[in-house]
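Data first, discussion second: the structure below is written as structure tokens.
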Amino acid sequence: MRPPSRPSCIDRGYREWRETVLLNSLLDRLDALAPAEDKGRLARRARAIRQRLEAANALRFEAIRVAIRRGEGRDALAAFAGDGEACRAGDAYDWRDELVAGVLPFGEPGEAAALPPEMVFYQPTPARHVFDLLDRLALDADDVLVDLGSGLGHVPLLTAICTPARGIGIEIEPAYVAAAHACAQALQLGNAQFVQGDARAADFAVGSVFYLYTPFTGSVLRSVLDALRCQAAHRSFRVCSFGPCTAVLAAEPWLAGEDAAASGRVAIFHTRR
Ligand SMILES: C[S@@+](CC[C@H](N)C(=O)[O-])C[C@H]1O[C@@H](n2cnc3c(N)ncnc32)[C@H](O)[C@@H]1O
């Protein structure tokens, strides 16, 4: 997904996007630091610039959505997503997350129910890690990436947008599944599907790649890993993880880490034959 060359209009859009993010953060600091009477002309001017850039962004997001519906989302997003910067380690968010949030048309998801112990609340994988992972996986049309505990569905949606593979999300919270499904429909992504249910009851036969952003711990994680190990007895696939569950996966004897040592990025494991 690295753009070999960017047309100049994309370059301009990319620069404006970065400027908006910077300006937003400066305005937030100004709001926090300056007493109301000191803000004056400078703040008004900054707000006017922000409004202009936000309007430009809204147009740009819509143009990317149109490209996605035409099946050209990979190129439209790659110009912003894989800008050649190294994938910064860690779980902090950056401007790419604002970009993805602007492009993916999620409605306001309904209230999520409290989760039982050992099940982890929703937090999306930072977008740069999703783009970095999709780059490294090099999925083809026969691949099926299954996100176990998919939340609002960023990983299956970006898989469907940026690769020829199918993305499937398994998520226990019905409100998130409804929002992810509506987003896939709005973008006409036939290769993104979402299933509501407990990952322990998932159909593990369909995936060629399984992804876990530490969706559960303890006995729930154990039971999912045991189900995957059963699959690994008769076929090969990859398991990818982000966050604390990576240490558990790295200790599984049926998995071999491709780059588990590359901490801070998504780890990719292969099943051992
Ligand atoms: C840390 S979030 C990861 C979200 C998503 N995979 C991503 O990376 O953007 C964990 C998600 O797993 C879901 N979850 C927790 N336990 C689950 C279970 N047993 N089965 C399915 N989903 C579960 C939570 O509701 C939450 O949305």
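Quick notes on this structure:
- Sorting L249, L158, L115 by the number of Cβ atoms found within 10 Å of their own Cβ, with the fewest placed first, yields L115, L249, L158.
- Cα gyration tensor shape for the stretch 132-222, rounded if a/c is under 1.5, else prolate or oblate: oblate
- In the stretch 164-256, trypsin sites (Lys or Arg not before Pro) in a DSSP loop with at most 11 other beta-carbon atoms within 10 Å: R235
- Gain in span if fully extended, R222 to A92, counting 0.36 nm per residue against the direct Cα distance: 44.1 nm
- Residue-count net charge about A180 - beta-carbon cut-off 13 Å; Lys, Arg +1, Asp, Glu -1: -3
- Model label sites at D135 and F106, defined 7 Å from Cα along the beta-carbon direction, differ in position by 2.3 nm.
- Inter-site label distance for A186 and R29 at 7 Å from Cα along Cβ, in nm: 3.3 nm
Values in this text are rule-based calculations from the coordinates and carry no lab data. Quick caveat, the model's predicted, so the values are computed rather than measured. Note that we place each Cβ from the backbone using ideal geometry, even for glycine, and neighbour counts take in every protein chain shown.
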